[in-house]
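Please read the structure below before turning to the comments.
None of the figures in this text is laboratory data; all of them are computed from the coordinates on show. Note that the structure is a prediction, hence the values are computed from the model and not measured. Don't worry about glycine lacking a Cβ; one is built from the backbone with ideal geometry, like all the others, and counts go over all protein chains shown.
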Amino acid sequence: MMENRSRFQAALFRPVIADGDSSWAFVLLPKDASAKLPRRGRTTVAGTINGHGFQATLEPDGKLSHWLRVSKELQEAAGIAVGDTLSLEIQAVGKEPEPEVPPDLAEALAANPEAHRIWQATTTIARVDWIHWITSAKQSKTRAKRINDACNMLAEGKKRVCCFDPSGFYSKALRAPERE
């Protein structure tokens, strides 16, 4: 493993969720562990939870740190439960994996050949940021506008989303879930 590896302990929390989905939990990363990562925005890490290996994409918490969504499957595989104190070891992956393009964005890109061409010419990290900007919209109307704006900006040759703080720190648009 590389030098940017972090070892720490953290509690596993249940999020307060309006729809009542309690199938997942989360961990807040300590600031010093997050500081070793290459970016304040979405970052994919590999590591262990209580010795069980995993790979996941961390989300920004809006405070220049990150949080980790822990699926029900990972909880079961690692033998952990909400309220437990976990031993974690993480480090950023060597190459960020290609993000899954949401169907509505894929459809819009397919309908705009120039935007699609520029999309293909961007970096993986830029595509992660474009997708994060779009999917972080809280309303479907805002999401639709962002998809349209993204296609227009890409068609104009812009390879990076210009109006999005991927850390959430300056805009306060992103944050960790509230805990029960």
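Exposure proxy shown here: for ILE90, ILE147, the number of other Cβ atoms within 10 Å sets the order, fewest to most, as ILE147, ILE90. Bin by bin, in steps of 10 Å, what percent of the Cα pairs in region 6-92 do you find, going until the bin that has the longest distance? Pairs per bin, as whole percents: 18, 55, 26, 1.
Rounded to a whole number of µm²/s, how large is the Stokes-Einstein D of region 55-99 at 25 °C and 0.890 mPa s, given Rh as the Kirkwood radius over C-alpha pairs? Diffusion coefficient, whole number: 196 µm²/s. What the phi angles of region 103-108 give under the Karplus curve with 6.51, -1.76 and 1.60, with θ = phi - 60°, is a coupling list of x, 5, 6, 4, 5, 5 Hz, glycine and proline written as x. Taking only the alpha carbons of region 91-180, we obtain Rg and Dmax values of 13.7, 46 Å in that order. Sequence-ordered 3J(HN,Hα) estimates for region 23-31 from the Karplus curve with 6.51, -1.76 and 1.60 and θ = phi - 60° stand at 7, 10, 9, 8, 10, 8, 6, x, 4 Hz, glycine and proline given as x. The H on the amide N of LEU86, modeled in the peptide plane, is under 5 Å from the matching H of ALA10, ALA11, LEU12, each at least 5 residues off or on a different chain.
Distant-in-sequence amide contacts of ARG179, defined by a placed amide H-H separation under 5 Å and a gap of 5 or more residues or a different chain, comprise VAL16. From the Kirkwood radius over Cα pairs of the chain, Stokes-Einstein at 37 °C and 0.692 mPa s returns a whole-number translational diffusion coefficient of 189 µm²/s.
Each distinct pair of alpha carbons in region 103-155 adds a 1/r term; the inverse of their mean, the Kirkwood radius, is 10.9 Å.
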